[in-house]
Structures are given as C-alpha cells and as structure tokens.
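To start, the structure itself, in structure tokens.
The values are calculated or read from the model by the stated rules, or taken from the named source; none is laboratory data. What you are looking at is a predicted structure, and each value in this text was computed from that prediction instead of being measured. Please note: Cβ atoms are built from the backbone with ideal geometry, for glycine as well, and neighbour counts cover all protein chains shown.
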Amino acid sequence: MKSVALAALTFAMLLPVTTSAVPRPREPRLHPSSIPAVPSYVARVESAIVGVKVRARADAASSARLGADRFASGVVFDERGYVVTVNYALMDAVRIDVTTRTGRTANATLVGMDTASGLGVIKIEADGPWTPAILGHTRDLKIGDVTGTVGVDEDNDLVWVQSGVHGLRRFSAYWEYMLDRALFVSPGSPSWGGSAVVDARGHVVGIASLRLGEAPHVNLAIPFEKFTDVKDELIAAGRVVSRRPRPWLGLYTIAVDNSVIVDGFAATGPARTAGFRRGDRIVGVNGVGVRTQEEFYEALWSGQAGDVVRLAVRRTDGVVVIPVRSIDREALNASR
C-alpha cells in the first residue's frame, strides 16, 4: 500500500515536467504587412490633413520675407470644407489650392485671419462633405505627455513625428506677437507650419507654427482652444469681432538683458516713419515703465487700435518720447 502511494506521489511530481514537454501551438504573430504604418493617433487625424499651396502678390511686403510661393499644412475642422492653418502662409494671397490625402486638388478661398493667435481659415471650394478632425484642448496636457505632429510636405507625403510636451508657457516674438499660453513639443517636425499637433487619442490640441532652437528642434504650437473660441466669428465676419482691435505699430523688437531694443520696422507699419532708430531701448509706454518684451506688449495692448501711443526710448543722449498713431492690423490685411 505504501509503495502504491509513493508511486502516485512520484508520478504527481513528474507530471508538470512531462506536460511541459508537450509541444504548444505558437502564439500568433502579425505579418509585417498587417502592422499599421502609423500610430492610431496619427491615423485618426490623417484624413483631415491637407496641403495648402499659396501664391501671394509678388510685390507684397510679406513676399519679401516669405516668398510669393508658399506651402503649409492645414487641418479640416468643419465638414463644409473649412480649414485652419498658419496665417503667415495666407498673407497677401491671390490664389490658394489644397491637396487632400487622396491626391484630390481643389481651389480654396481665404475666409478670415486672426493675427492675435496667428491662425487663418480657408474654405475648400469643392463638393464635400469633408472629414473634420476631432478638436481637442491643451488643458489636460502636462510635461512629458505623448503627442504627434502630423502634416504633409510639398509632394503630398505624410510627415509625422512622435513627440512629447516640452513646455506650456507664455511666448513672445519680435513682430508684436504674444501668446499667454503656448504649447511646445519636441522633437520638432521637418514640416511644421500648419501641421496638427495631436494628443494620444488623435485629438487636435494645437497647430504647429514655428521651429525653434537647434536640431532636433522644438515646435511652437498654437493651442487649439485659441482657435476654437473664435472660429465661428472668423467664418461669419472674416475676423474676430468680439475682441477690441489691438493697437499695432509695426515695430520689431528684441529682448536683451531686461531691455526691449528696437531692431527693425514692418514696411506697412506706422513706426517706420515715426522717428525710431535701431538700437533705441524702449523704457516706457504711455507713462508705464517696461523692461521686458511681455511688459511692452501688455502696456501697448491696454489701449485700442487708432490710439496715439507714446513710447519713451533711451538713447546715449537721454530719453526721447515718440508718439505714434497705431492702426488696426486686421483692417490693414483686409484692405490689401
């Protein structure tokens, strides 16, 4: 009896070894042709990406800086064929064509521009319906979150980069431009202007506008809520009518050691003939002291377009106050 029990115990101990030696079916593996070519968050937005080819007036001031022939990506945000892209690509446009991901080409018309955000809207003049992107928001993003930057190149090839949130902070630039909250993603895309920045779900959370720094670069993206809040006004009126028109001087500045230095002038701005000199250090706006570019813009934009703005500038021989009558840049763009 004891030997029978011992034999049974021995068999039980050997059982796992014996069964483990039985051949098992191989785990199924995807064939390389079955693996998606792009991540799901790229696939969700791809059909809404278009190439935007722009021909601008050759004699326009913007063409001297950007060229008369321009290209950007765009994002369909409305099934009627409305597309958002960067406004610098659209300035002084005389012809706009879009190319879809299927290779279809159609003419488009300029609908409106918002220089405060840096975005513009065009409409595809062809039968739809068009597949819009899913619109998102940057409020839930944090540093390190995965993003994708998705656009096209001039050959209509899809260009996408898996990136991450590098920063969420204020940004100012020399051409009287500032975002109180900008989205920075890295690495940057080689085809950045107008590309969609999407979150891990494929929702558009920003429009890439600039490439900053050295390789692998950082893309500055305009948070999409800056556009969502005003898109209906741009479609209906061609500009944002709910916001007081900002004073615009056409003054180019750089920030150096807690100083705002005059570095140049826009060809169509009133500052060009107001008496400024390159190298002037701006120290005040309408009696309010300024030390940074952000403080300069905040003081300048506290008024409205048409106001006379008095800028105090320091030179080697003292401080000079220069009055400049500001203009409405949106109206200037519309009149061209």
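Residues in the stretch 207-263 that are of a type in the set (Val, Ile, Thr), touching a residue at least 60 places away in the same chain (Cβ under 8 Å) and part of a loop (DSSP other than H, G, I, E, B): how many?
Going through the stretch 207-263 one residue at a time, the tally reaches 2.
Scanning the stretch 285-298 turns up no residue that is of a type in the set (A, V, I, L, M, F, W, C), at pLDDT below 95 and touching a helix residue (DSSP H, G or I) at 6+ places or on another chain (Cβ under 6 Å). The numbered conditions (1) assigned to a strand (DSSP E or B); (2) surrounded by fewer than 21 Cβ atoms within 10 Å (Cβ to Cβ); (3) in contact with a Lys or Arg (Cβ under 9 Å, 6 or more places away or on another chain) are all true for Arg80 except (1). When Gly128, Gly103, Gly144 are screened for being touching a Gly at 6+ places or on another chain (Cβ under 7 Å), part of a loop (DSSP other than H, G, I, E, B), at positive phi and not charged (D, E, K, R), only Gly144 passes. When the residues of the stretch 304-332 are filtered to those that are under 19 Å from Trp175 (Cβ atoms) and modelled with pLDDT under 95, the one that is surrounded by the fewest Cβ atoms within 10 Å (Cβ to Cβ) is Ala331. Would you confirm whether or not the stretch 60-73 contains a residue that is surrounded by 24 or more Cβ atoms within 10 Å (Cβ to Cβ) and over 20 Å from Asn156 (Cβ atoms)? Taking every residue of the stretch 60-73 in turn, none turns out to be surrounded by 24 or more Cβ atoms within 10 Å (Cβ to Cβ) and over 20 Å from Asn156 (Cβ atoms).
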